[in-house]
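First up is the structure itself, then whatever we jot down about it.
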Number of protein chains: 2
Amino acid sequence: MKKLKGNLLYGQSGGPTSVINSSAYGIITEAQKHQDIIDDVLIMRHGIQGALNEDFYYASKQDPDQIELLKHTPGSAFGSVRYKMPELNEDETDYIRLLYIFQKYNIRYFLYNGGNDSMDTAHKIAEYMRRVDYDVRVIGVPKTIDNDLPHIDHTPGFGSAAKYIANTIMEINADMYAYPKGKVTIVEIMGRHAGWLTAASHIASTEGYGPDLIYLPEVPFSVDKFKQDVRRIYGEKQQCLIAVSEGLLNEEGLLVSSASALKDAFGHVQLGGVSSKLAAIVNNEMRISSRRIELGSIQRAAAHIQSLTDVEEAIEVGRQAVKLATAGKSDLMVTMTREDQKEYKIKYGAHPLNEIANIEKTIPVSMINESGNGLNDEFLEYVMPLIQGINTPVYKNGTQTFTKLKR
Amino acid sequence: MKKLKGNLLYGQSGGPTSVINSSAYGIITEAQKHQDIIDDVLIMRHGIQGALNEDFYYASKQDPDQIELLKHTPGSAFGSVRYKMPELNEDETDYIRLLYIFQKYNIRYFLYNGGNDSMDTAHKIAEYMRRVDYDVRVIGVPKTIDNDLPHIDHTPGFGSAAKYIANTIMEINADMYAYPKGKVTIVEIMGRHAGWLTAASHIASTEGYGPDLIYLPEVPFSVDKFKQDVRRIYGEKQQCLIAVSEGLLNEEGLLVSSASALKDAFGHVQLGGVSSKLAAIVNNEMRISSRRIELGSIQRAAAHIQSLTDVEEAIEVGRQAVKLATAGKSDLMVTMTREDQKEYKIKYGAHPLNEIANIEKTIPVSMINESGNGLNDEFLEYVMPLIQGINTPVYKNGTQTFTKLKR
């Protein structure tokens, strides 16, 4: 195999997770083991936009202590972006610019860290560079709290968000039962069109603090059934805790939330608002006092309660990406397969990027209970290994310490 | 001094904190050291309502391991209540019933754990029992995340909520800066008419992740000034993080949130909604995209990130209450005084209940910055000792373990 010597270009894209920077840590530290062929790791500021603008961080300029702190820093430490690369057949402007940048900085390894859309971007770049015969290895590094990528057991970022959600639901439940007579509490959870994150609230049930009802985008939502469910639970307990997905769909397949006319750069409808709608139904149509809690961006940023399993896997997918690239592989995403169902063990592999992009993996029917308003033990068997262990935060004076990077 | 032999009756009242059960732990374990005079600790289910209904937990029936877990359990483990005892001169029905219960169960020590309103309840009971010549020692155990009790340096519950808020604001901030161009993010924080909890967001500034603007009920709110502040920050950073108190007042002293006609049992106006109002101003009048985050009940229930200092103090105010009562003291609330400003050290004492009830302590002007939209170093000197240390949660399989009590 021809030894390809040059720089590695890395970027973060899409919504942050609490462990995407752990993948950056894995990439940077693994790249240092390949100094015979990787000169330096350049990191695009705000993903592909940083490449187009020649706006980079250099791994070689960073303090090693700060590289270590990437494992405890939420958000996208190097900046993220939601920028849709044009179709190759429509507009080559950005690709021509990228080729110029790749040549100028001798970029021979390109690693892009994100979800479906980012894999789409990575694949298009791999495709263009192949067409123009520029030798570069392109590897996608999976990341999304939504857990909706295909051909992978689960995505880095999901486990920590699931752990935060499970523990927070337990706390909300304990708080709720302080009073003898209560409200209908509706917790709105992220996840776009997949219910994985909302389903994670069911983990709290293993301790007896789970939601009474869970509504997922995978199950068509009926207002009548909802009112029936709530009436039954509230009649029995005088309390009702509900977890609901932001992307809940009604029986016609329309978003239960008021669909906003605004779309993001990828043409996705902006979600949110479903808990307000359900709370209004409970208040106005059922005459029960209700309150809603939107976990918001905290669920993807709660670095103070990361799953150690998730952090370690996020680091490893980063390492694997470097290993694949330096071994001459390209146009692939790092994958994780569960080797054994009994004893949790992950085998790392790779899958073609073009079969990942723009496909959303949702919860299989077999994991959802018969009434369609909760999860079953098959889901728990799947999810429990992912939230194990604590990545103890670096506290100093009562607050966490996040990385400080040099430009 | 006459030795008063009998049972100790304890109850939790008002909004839960993440450490109120630590005070219960302190009371139960201290009472066990006074077995010569305290036969058992009876705990009212749902506060004073449990007493009126003869609905009790017995400390002697609980598993010692579960008593230990009180230190890690949020909510009010024995149930709380918002029940206003009538004025003594207006209606004695409840008091006559209580006297009957006290006699029936030989209650000689009465400890009530709560905020302003609970201290009012405790004082009225002390007053009534004095009038009818029933010998019982009544001690108030302070608790409120709002930190608004007078004659005490700070209240148990505040430190843990402050720690949660500071760390969560850091995470929201890190997440927000992922994108090159952002929104105005408005985080609504609890605290009723006092700004202490909202002010705690300023702790995040010590790490460089604080809010850009903080609006407190202590500073009359001007929409014009607000728009000016936001325009300046957003113009400079293309991002703006705002922390705002639910109880924000305008220049006429009216609630900025849409004041609801509903009032709670104590005649308090139901708060909430201020972040929606400010977000609407930013969206509609300033044409900047905004989003709001309401931390909701999680801020008082986040047992997974408790301040160890707060937990230890909550335990100690419980112990002190038992010591005061067994020493013959009554009609007092346990207090904490900061002995030394340099080296943080708390001296425990007591203060007459009637001087605590219904008085709200707000943030002194000297702790607020000149522009009235932030805090200064005097506030940090006050607050930092309160969030120190971690009360490591009891994780099992990735979720916390809360206490299981026997009825």
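The values are calculated or read from the model by the stated rules, or taken from the named source; none is laboratory data. Computed from a predicted structure; not experimentally measured. Glycine gets a Cβ as well: all are built from the backbone with ideal geometry, and neighbour counts include every protein chain shown.
So if I check each of A:Arg338, A:Arg287, which one is more than 11 Å from chain B (Cβ to nearest Cβ), assigned to a strand (DSSP E or B) and surrounded by fewer than 18 Cβ atoms within 10 Å (Cβ to Cβ)?
Exactly one residue qualifies, and that residue is A:Arg338.
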The condition of being within 29 Å of A:Arg131 (Cβ to Cβ) and either in contact with a helix residue (DSSP H, G or I) (Cβ under 8 Å, 6 or more places away or on another chain) or assigned by TED's automatic domain parsing to the domain that holds A:Ala126 (or both) holds, among A:Ile107, A:Ile67, only for A:Ile107
Within the stretch B:166-225, restricting to residues that are among the acidic types (Asp, Glu) and more than 7 Å from chain A (Cβ to nearest Cβ), the one that is nearest to B:Leu248 (Cα to Cα) is B:Glu218
Of A:Arg192, A:Arg137, the only residue that is closer than 14 Å to A:Val244 by Cβ, in contact (Cβ under 8 Å) with a residue 24 or more places away in the chain, buried (at least 21 other Cβ atoms within 10 Å of the Cβ) and not hydrophobic (A, V, I, L, M, F, W, C) is A:Arg192
If I filter the stretch A:32-42 for residues that are within 24 Å of the chain's Cα centre (by Cα), of a type in the set (A, V, I, L, M, F, W, C) and over 13 Å from A:Val322 (Cβ atoms), do I get at least one hit? yes
Reported set for the stretch A:46-61 where residues are closer than 16 Å to A:Ser76 by Cβ and touching a residue at least 60 places away in the same chain (Cβ under 8 Å) is A:Gly47, A:Ile48, A:Tyr57
Take B:Asp133 and tell me if it is away from chain A (no Cβ under 14 Å) and in contact with an Asp or Glu (Cβ under 9 Å, 6 or more places away or on another chain).
no
Note on the stretch A:8-31: residues within 12 Å of chain B (Cβ to nearest Cβ) and in a loop (DSSP other than H, G, I, E, B) are A:Ser13, A:Gly14, A:Gly15, A:Pro16, A:Thr17, A:Ser18
B:Met384 meets each of (1) more than 14 Å from chain A (Cβ to nearest Cβ); (2) surrounded by 15 or more Cβ atoms within 10 Å (Cβ to Cβ) with one exception, condition (1)
Original post:
Right, B:Asn147: in contact with a His (Cβ under 7 Å, 6 or more places away or on another chain), buried (at least 23 other Cβ atoms within 10 Å of the Cβ) and more than 11 Å from chain A (Cβ to nearest Cβ) or not?
Top reply: yes
Going through the stretch A:271-284 in order, the residues found to be over 15 Å from A:Ala243 (Cβ atoms), assigned to a helix (DSSP H, G or I) and hydrophobic (A, V, I, L, M, F, W, C) are A:Ala280, A:Ile281
The residue that is nearest to the other protein chains (Cβ to nearest Cβ), considering only those in the stretch B:74-91 that are in contact (Cβ under 8 Å) with a residue 40 or more places away in the chain and surrounded by fewer than 23 Cβ atoms within 10 Å (Cβ to Cβ), is B:Arg82
Within the stretch B:208-233, restricting to residues that are free of Cβ contacts under 8 Å to residues at least 40 places away in the same chain and surrounded by 20 or more Cβ atoms within 10 Å (Cβ to Cβ), the one that is nearest to B:Asp148 (Cα to Cα) is B:Phe221
Of the residues in the stretch A:291-309 that are under 20 Å from A:Asn113 (Cβ atoms) and outside any helix (DSSP H, G or I), the one that is farthest from the other protein chains (Cβ to nearest Cβ) is A:Gln306
Among the residues of the stretch A:363-374, the number that are under 17 Å from A:Asp148 (Cα atoms) and either buried (at least 17 other Cβ atoms within 10 Å of the Cβ) or within 14 Å of chain B (Cβ to nearest Cβ) (or both) is 3
Being touching a residue at least 60 places away in the same chain (Cβ under 8 Å), within 14 Å of another protein chain (Cβ to nearest Cβ), part of a loop (DSSP other than H, G, I, E, B) and within 15 Å of the chain's Cα centre (by Cα), is that true of even one residue in the stretch A:310-318? no
The number of residues in the stretch A:274-284 that are surrounded by 17 or more Cβ atoms within 10 Å (Cβ to Cβ), within 13 Å of chain B (Cβ to nearest Cβ) and more than 16 Å from A:Ile233 (Cα to Cα) is 1
field: B:Asp153 vs. criteria closer than 17 Å to B:Thr17 by Cβ, in contact with a strand residue (DSSP E or B) (Cβ under 7 Å, 6 or more places away or on another chain) and surrounded by fewer than 24 Cβ atoms within 10 Å (Cβ to Cβ)
entry: yes
